[in-house]
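Asker: To start, I am sharing the structure in question, which I have written as structure tokens.
The values are calculated or read from the model by the stated rules, or taken from the named source; none is laboratory data. Remember, predicted model here, so these are calculated numbers, not experimental data. Note that we place each Cβ from the backbone using ideal geometry, even for glycine, and neighbour counts take in every protein chain shown. Surface areas here come from the heavy atoms of the whole protein model, side chains and all, with no ligands, DNA or RNA. Shrake-Rupley method; radii C 1.70, N 1.55, O 1.52, S 1.80 Å.
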Amino acid sequence: MLRQIKPRNARSKRALEKRAPKAVENPKTALFLRGTSCSQITQDALGDLYALRQVYSKRFQKKNPVHPFEDASSLAFFSEKNDCSLLLFGSSSKKRPHTITFVRTFDYKILDMLEFYLDAETFRSIAQFKNEKVPVGTRPLMVFAGTAFESPVPNAFTMAKSMLIDFFRGETSDKIDVEGLRYCVVVTADEPTASETASGDDPAAKPVLRLRVYTIRTKRSGQKLPRVELEEHGPRMDFRLGRIQEPDEAMLKEAMRKPKTTEERTKKNISTDIMGDKIGRIHTGKLDLSELQTRKMKGLKRSRDQHDEDDEEETVVADELPKRKRKGSA
């Protein structure tokens, strides 16, 4: 259950109403943090991700002695203090160099976490690509390629897909201008081999997750539809997935619950015609007409009908007998 906090004054009431759950939620804000030891490559990677999501992001430059998988209470405090539901924590150690930890929260409590181990050799920042940069605040197209993302059983790759969608989603809208589609984010997962599946939890043996960002350019093609070309924009990142903390079932169920809206639900077998009249359709089973109760009339009684039929037969026989006698006498 969500916590119920009573406001003490009008200012706190407005702040609580701003943070209160809504039928259409605000865009998720991401908070970028760094640990006590964070390599320059990790800081550059965090800076590039921050540049792609600068409108709905906050970034701290100070060092924070936080170990997410050992004690995540500090991250929950930062989430509540800054009203952020996404956190990206950069750290580097001898055992886990160049690590970016994605953290999601619900009700300012840790929902799930996943570690991304960055490959320093293949990493290329945005500044290394000399081309036109996308405007700040534009929403990207997203493409996920690989069978690892389509697993029916939740795993690290399905969680990574969900986290990346939440990170790049931005503000929801029902209409999109085609001219506003300026760049595309492509996430590819290598196909797992037999040796990788048998290795278990070894991060070095897991399939590589490749993140690429391309600029979308439209050029004349001599036809109605333009010719579309992709030009690499940066950053270029290769990850291996590390430790994972799966969400609690009760908390996940509460986070996925959809609110009851004021929209009228469609009723079955009820429609409206052109004139605006409501038409209902009723489905009944097979009727037994033998048990149908009709109006009781004396003229329809079966006993009276039988007597009338007997009288008619007697009169017919009486009429036929004299004729036969006359023929015999003649």
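Asker: Would you pick out the residues in the range 94-117 that are over 20 Å from Lys206 (Cα atoms) and open to solvent by 10 Å² or more (accessible area, probe 1.4 Å)?
Answerer: Arg104, Thr105, Phe106, Asp107, Tyr108, Lys109, Ile110, Leu111
Asker: Looking only at residues in the range 3-51 that are over 28 Å from Arg124 (Cβ atoms) and in contact with a helix residue (DSSP H, G or I) (Cβ under 8 Å, 6 or more places away or on another chain), which one is least open to solvent (accessible area, probe 1.4 Å)?
Answerer: Going through the qualifying residues, I end up with Pro7.
Asker: Output the residue which, of all residues in the range 52-71 that are farther than 20 Å from Arg236 by Cβ and in a loop (DSSP other than H, G, I, E, B), is most open to solvent (accessible area, probe 1.4 Å).
Answerer: Looking at residues that are farther than 20 Å from Arg236 by Cβ and in a loop (DSSP other than H, G, I, E, B), I get Glu70.
Asker: Then there is this: Among the residues in the range 118-129, are any free of Cβ contacts under 8 Å to residues at least 40 places away in the same chain, open to solvent by 70 Å² or more (accessible area, probe 1.4 Å) and not in a helix (DSSP H, G or I)?
Answerer: The answer is yes, given that some residue of the range 118-129 is free of Cβ contacts under 8 Å to residues at least 40 places away in the same chain, open to solvent by 70 Å² or more (accessible area, probe 1.4 Å) and not in a helix (DSSP H, G or I).
Asker: Confirm whether Ala51 is within 29 Å of Leu252 (Cβ to Cβ) and hydrophobic (A, V, I, L, M, F, W, C).
Answerer: no
Asker: Right, another one. Taking into account only those residues within the range 167-196 that are among the aliphatic types (A, V, I, L, M) and touching a helix residue (DSSP H, G or I) at 6+ places or on another chain (Cβ under 8 Å), which is farthest from Leu86 (Cα to Cα)?
Answerer: Once the filter is applied, the top-ranked residue is Ala189.
Asker: Would you say Val143 is surrounded by 12 or more Cβ atoms within 10 Å (Cβ to Cβ), in contact with a strand residue (DSSP E or B) (Cβ under 6 Å, 6 or more places away or on another chain), part of a strand (DSSP E or B) and in contact (Cβ under 8 Å) with a residue 40 or more places away in the chain?
Answerer: yes
Asker: Which residue pairs have Cβ atoms closer than 7 Å, lie 6 or more positions apart in sequence or on different chains, and pair a first residue in the range 61-85 that is modelled with pLDDT under 95 with a second residue that is part of a helix (DSSP H, G or I)?
Answerer: From the range 61-85, the pairs are Asn64/Ser74; Val66/Ser74; Val66/Leu75; Pro68/Leu75; Asp83/Arg19; Ser85/Ser79.
Asker: Residue pairs, Cβ under 6 Å, 6 or more apart or interchain, first in the range 168-197 and of a type in the set (D, E, K, R), second in a loop (DSSP other than H, G, I, E, B) and modelled with pLDDT under 90. List them.
Answerer: Taking only residues 6 or more apart or on different chains, the pairs are Glu171/Pro27; Arg182/Val134; Arg182/Thr138; Asp190/Pro207.
Asker: Then there is this: Considering only the range 166-180, state which residues are open to solvent by less than 50 Å² (accessible area, probe 1.4 Å) and of a type outside the set (D, E, K, R).
Answerer: Selection gives Phe167, Phe168, Gly170, Gly180.
Asker: Find the residue count for the range 63-78, including only residues that are over 26 Å from Gly170 (Cα atoms) and touching a strand residue (DSSP E or B) at 6+ places or on another chain (Cβ under 9 Å).
Answerer: Of the residues in the range 63-78, 7 are over 26 Å from Gly170 (Cα atoms) and touching a strand residue (DSSP E or B) at 6+ places or on another chain (Cβ under 9 Å).
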